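Working notes, structure below.
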Amino acid sequence: MIADSEMKRINLEFSSNLARLIRMLHEDEAGCYRLLHLAQQHLAMPRLCARQCAEPLDAFRLLTSRDFWNLAGADLRARIDRVRPIVTQYPYRILGNSMTLAAWRNGPVESLHSGWVSGYTLNHRRATDQQSRELMRFASDRLASVISRFRPWERCTDSPVPWPENLAGLYISPYYSPSTWSLTETCSRIDLESQGDQVPAGS
């Protein structure tokens, strides 16, 4: 029901804009929360208050924690050292990609992506209202916990590595880092299948 090219574009736009929001949260937290408050006031929301899901938050904290670094073996430390230049250059996009994977890609959207529908027109929704609400709830519950409570840039006196190098563990995680995703692209082309006479004029 969602083609590969469509999913790629959604992932890129989701993660790149989330990276911008995370950077704003770091550099101007009060301004970021004002923006989020306006979004809640003026955009459609699945409910007024998200039920924060602790799963991604706990994983992100663990992968950036002192214990993770102190317990890392020689092989893991070697991998971490190799990716340090990358996480130093793209910290916000790495966080955006990881949050997108945890709060969007590895959720109910997978069922839509693997499903199949034929004969739809460009002005016809492929997802039902219930499916759309489920997607929004899944994403908002997970993003709410991370955005409100995860601050990897806050300095800990006992941390073995500074920000943003402390993201290296997150970046190499096979579960929370999409290693093939771009760290620079913000959008991509979508090639829609031909629908013949079913495509509305002017679309």
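FYI, it's all coordinate maths here, none of it is from the lab. Everything numeric in this text was worked out from a predicted model, so none of it was measured. Reconstructed Cβ throughout: ideal geometry from the backbone, glycine too, with neighbour counts over all protein chains shown.
Quick notes on this one:
- Angle in degrees between helix 74-89 and the longest Cα principal axis of the chain, rounded to the nearest 10: 60 degrees
- Size of electric dipole in the chain: Cβ of Lys, Arg +1 and of Asp, Glu -1, about Cα centre, debye, nearest 20: 340 debye
- The stretch 1-120 - Rg and Dmax from Cα coordinates, angstrom: 17.7, 55
- At 1.306 mPa s and 10 °C, Stokes diffusion of the stretch 62-111 via Kirkwood alpha-carbon radius, µm² per second: 125 µm²/s
- The C-alpha atoms of the chain define a longest principal axis, and helix 129-149 lies at about 20 degrees to it.
- With all pairs of separate Cα atoms included, the chain yields a Kirkwood hydrodynamic radius of 18.7 Å.
- Kirkwood Rh, angstrom, the stretch 59-167 [1 / mean 1/r, Cα pairs]: 16.6 Å
- Extreme residue, positive dipole direction of the chain, given options P174, T100, V146 (C-beta unit charges): V146
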